[in-house]
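Structure, as structure tokens:
Values quoted throughout were computed directly from the atomic coordinates according to the rules given, and no laboratory measurement underlies them. Small disclaimer: the values here were computed from a predicted structure and weren't measured. Heads up, the Cβs are rebuilt from the backbone with ideal geometry, glycines too, and the neighbour counts pull from every protein chain shown.
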Amino acid sequence: MDSYRKPTELELTILKRSFSKWGVFEYFKNKLLAIRTQGDDKRQIFLLSTDVGDIDRFPVYSGLYIGTLGKYLSPSLGMAQIIAKEAKIFPFVKVNRKAESLVIYGRDIFGDSIVEYSVSKENEVVIILNMHSEGIGLGLTRHDSTFITTKGKVTVTNVADIGQYIREERLSGSMF
Amino acid sequence: MAQKYHYPVWIVSRFINIIPNASKLFQYLESPPRKYIRINTLKATVGEIMERLKCIGFEVRKSILSDVLEITSEPFSLGSTVEHLLGYFYIQDLSSCLAVRELDASDSKLVLDMTCAPGGKTTYIAQKMNNAGALIAVDTSRRRIRSTYFNLMRCGIQNTHLYNMDAIDVTKFGLKFDRVLLDAPCSCEGVIPRDRSLKNRHTPGLIDKCAQRQLILLDTALRVTKPGGIVIYSTCTFAPEENELVVNSLLNSREGIRIEPVDFGNDGLTSFSDYSLDSTLTATKRLYPHIHGTLGFYIAKFKIDFG
């Protein structure tokens, strides 16, 4: 059984730094967070509405999973949607409608389908936005901003997309 | 009718005895059920979603609930739309939404959903609670818990704590809840339009087995609810043995509980076969596909005076 605990001071510092990077520091101010550590030391972060620490049992899932904590917070899809909605400045690529329908089936992004982007480096995690500026996934840049719109070339790898909610629902195995 | 619609004779004779205008029901059950979506107002507004779905070719109209829409024309799968994947709506029958509406959980701090998978009602309760307080959601099936998890994520739910356990064990939490929803496992007669194989898989033995389990679950639900709290008992079956008889049995065996009126549907039965039931059961409600445009459903609302 996995248990949930409060973040340590050090973990909170890392989380605050990550929230700043993603432009959601204000949003997460005074929010209740919990950490679930699994056997392999993977620390998963959850956003909770209320402290239910008094319940003497271990839930399989609690609150909203917002990412995995390492040196930084690797955002989850749920977090990507919070960032897209709440943050003003954050790393992103915005794709056209045709690319949107490919992204939600797990496909990578061609440079020609990117209609807008933030300044980014190679190998940077970015939020994939659709034309409504909604977070439809997470990507990893293969090039920096100079080449990110290169025609006929995949410039952003699809790391996670909202289609996974349906694709993975029916698979067996770990939920995270 | 049994021959015409391919049902066992025993089901036809039962339905004729308990369902008004049963011949129309059999006819109605042959067509696909009406499709409804419940807008997740934690993430989007009803107007926005109506507009967006119309733009991509869906025909949509309002229902009796302000946050539930009926889809009258579906050019492609609703489930594959970006709006669905973003958690802006949940594909859910109107009857399920009515059960959650009756729970009246908006001001509740602690709510229990006893058989939560795959999470349709759970996410709606969380929405009614405005993602605040705590919603404890329980299900025995590991596989279905997985579906619930993905639906909670998709809908952006923050206030729910999901447990893979038998609902009978909720007493072990040592908690008293403001609201409890028991959408009990049942013989599913009401969802035949969705799964026609139920016509021939259904047996009288299944009804008895479900009724025994439902009695235990409902008794548990009533025991873990605070005085002043509400318990909603619902099923998706027409069988009185799983509906009014279960409720009647608890009303007779427990003190400090009473039936509150449910707003929508036909009155619950007060007699069935040789049984004469409590007259307050008219306040429970039955939903029929051919009358209400929903799946077959039953809703009873208990108020706990003391316990």
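Results, tabulated for the structure shown:
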| item | result |
| --- | --- |
| Cα extents of the protein assembly as shown along the three principal axes, largest first (Å) | 81, 50, 36 |
| Helix-only [θ]222 nm of chain A, DSSP H runs n ≥ 4, -39500 (n - 2.57) each, per residue, nearest 500 | -5500 deg cm²/dmol |
| Cα principal axis extents for region A:3-85, largest first, Å | 36, 26, 24 |
| Equivalent ellipsoid dimensions for chain A as semi-axes, Å, which come from the Cα gyration tensor, largest first | 31, 18, 14 |
| Separation of alpha-carbon centers, region B:28-104 and region A:125-152, rounded to whole Å | 31 |
| Inverse of mean 1/r across different Cα pairs in region B:232-303, Kirkwood, Å | 12.1 |
| Rule-of-thumb Rg ratio for region A:91-166 [Cα; 2.2 N^0.38 Å; N residues] | 0.93 |
| Mean projected area (nm²) of the alpha-carbon convex hull when region B:133-232 is viewed from all directions | 7.7 |
| Ranked list, fewest to most other Cβ atoms within 10 Å of each Cβ, for A:MET131, B:MET1, B:MET114 | A:MET131, B:MET1, B:MET114 |
| Gyration tensor verdict on region B:1-115 (Cα atoms; rounded if a/c is under 1.5, prolate if a/b is larger than b/c, oblate otherwise) | oblate |
| Fraction of antiparallel bridges per DSSP, the protein assembly as shown only, in percent to nearest 5 | 75 |
| Eligible aspartates and glutamates near A:LYS29 by straight Cα distance, threshold 18 Å, same-chain separation 8 or greater | A:GLU9, A:GLU11, A:ASP51, A:GLU86 |
| Spin-label pair A:ARG97/B:CYS55, simplified geometry with 7 Å Cα→Cβ offset, distance in nm | 0.8 |
| Pairs beyond 30 Å (Cα-Cα), from A:LYS16/A:LYS42; B:LYS62/B:LYS285; B:LYS62/B:LYS176 | B:LYS62/B:LYS176 |
| Fully extended contour minus Cα-Cα distance, from B:LYS24 to B:ASP263, at 0.36 nm per residue | 83.6 nm |
| Centre separation in Å (Cα based) which lies between region B:191-216 and region A:56-99 | 41 |
| Chain B: equivalent-ellipsoid semi-axes (sqrt of 5 x gyration tensor eigenvalues, Cα, Å) | 28, 27, 17 |
| Nearby lysines by direct alpha-carbon distance to A:LYS98 (threshold 18 angstrom, same-chain neighbours under 8 apart not counted) | A:LYS151, A:LYS153 |
